[in-house]
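Undergrad: Before anything else, here's the structure in question.
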Amino acid sequence: MKTFTLLTGSVLAALAVSLTLVSCGDKDAESSDPPERKSSPKANPVDSGTDGREKATPPVDLESEVIGYWAPDTERIIREMEEKMKDEPEALAMTRALMAPMLSSMAVEIPEKGKFFIHMMGQKQEATYIVKSVDLSSNSFNVETTTEGEDGEMELESGTFTINGETLALTGGKEDGPLDSLFLIRIDEADFKKRQDAKIPDSILDLPEGPDPEEDDVIDPAPGD
């Protein structure tokens, strides 16, 4: 677990900070026009099968659109990482070697509004969210997520969640890792099951771990004890 926590910290942080949904979309939709889609705003014809009244445009519910299964867009993430770390070739090579197997086994499960699960290398982390603000014009949400830390304390993070068709862009409020954003693509249940059952690759299990704190911080007994 120590190795898993150490290596996945930046990725899980990016998710926990930014993988968020919208629970108050209806409230904001009442005071905001829905975002423009590919069709023209005038492309809401009168239903010829009715009495001539124009159909009302339903409110945009982006929260419902993100329910399902998601996986990292590995190619795009690697490109973003290479651009950010282009001046650190050695660090880039090491990070890429670690990130590739992690991303290939990662999946995000959003079963319902207000809750999601992060699956990676046989581990699972649960998180909940609340929405702080909504920008329907850009399909983005500023949210606050809650996850349980290693010490059992609940941790609050903030970030931005953006949906664009079958993709999600997750941007965190911190810049302490190789990723500022995490890009996801929608997957089906079969692909999700494969990722959910994935184990920690041998290439990661073989990485050396540092000594435990108790091995380094041995307190010498006081004289006379």
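Undergrad: Cβ-Cβ under 7 Å, sequence separation 6+ or interchain: first residue in region 54-66 and farther than 16 Å from V143 by Cβ and surrounded by 10 or more Cβ atoms within 10 Å (Cβ to Cβ), partner modelled with pLDDT of 80 or more and not acidic (D, E). Which pairs?
TA: Cβ pairs passing all conditions: V60/L136.
Undergrad: Still on this structure, I have one more. Right, L103: of a type outside the set (D, E), over 17 Å from the mean Cα position of the chain (by Cα) and outside any strand (DSSP E or B) or not?
TA: When the stated conditions are applied, L103 does not pass them.
Undergrad: Could you check how many residues of region 100-112 are more than 14 Å from I200 (Cβ to Cβ) and either of a type in the set (A, V, I, L, M) or touching a Phe, Trp or Tyr at 6+ places or on another chain (Cβ under 9 Å) (or both)?
TA: Summing the residues that are more than 14 Å from I200 (Cβ to Cβ) and either of a type in the set (A, V, I, L, M) or touching a Phe, Trp or Tyr at 6+ places or on another chain (Cβ under 9 Å) (or both) in region 100-112 gives 5.
Undergrad: Now for a separate question. Could you tell me whether S181 is of a type in the set (S, T, Y), within 11 Å of the chain's Cα centre (by Cα) and either modelled with pLDDT of 85 or more or within 16 Å of W70 (Cβ to Cβ) (or both)?
TA: Spelling it out, S181 is indeed of a type in the set (S, T, Y), within 11 Å of the chain's Cα centre (by Cα) and either modelled with pLDDT of 85 or more or within 16 Å of W70 (Cβ to Cβ) (or both).
Undergrad: Kindly provide the set of residues from region 133-160 that are within 17 Å of L170 (Cα to Cα), under 18 Å from the mean Cα position of the chain (by Cα), surrounded by 14 or more Cβ atoms within 10 Å (Cβ to Cβ) and not polar (S, T, N, Q), ordered by number.
TA: V134, F141, V143, E144, E157, G159, listed by residue number.
Undergrad: Follow-up. For region 161-178, give me the residue count where each residue is at pLDDT 65 or above and surrounded by 14 or more Cβ atoms within 10 Å (Cβ to Cβ).
TA: 9
Undergrad: Now for a separate question. Which ones in region 67-115 are within 15 Å of F183 (Cα to Cα), among the basic types (K, R) and surrounded by fewer than 14 Cβ atoms within 10 Å (Cβ to Cβ)?
TA: R79 - this is the single residue of region 67-115 that is within 15 Å of F183 (Cα to Cα), among the basic types (K, R) and surrounded by fewer than 14 Cβ atoms within 10 Å (Cβ to Cβ).
Undergrad: Does L98 satisfy the condition of being touching a helix residue (DSSP H, G or I) at 6+ places or on another chain (Cβ under 6 Å), modelled with pLDDT under 90, part of a helix (DSSP H, G or I) and of a type in the set (A, V, I, L, M, F, W, C)?
TA: So L98 fits the description; yes.
Undergrad: Here is a follow-up. Looking only at region 60-94, how many residues end up being under 25 Å from I130 (Cα atoms) and in contact with a helix residue (DSSP H, G or I) (Cβ under 7 Å, 6 or more places away or on another chain)?
TA: 7
The values are calculated or read from the model by the stated rules, or taken from the named source; none is laboratory data. Quick caveat, the model's predicted, so the values are computed rather than measured. A quick note on method: Cβ atoms are made from the backbone with ideal geometry, for glycine too, and the neighbour counts reach across all protein chains shown.
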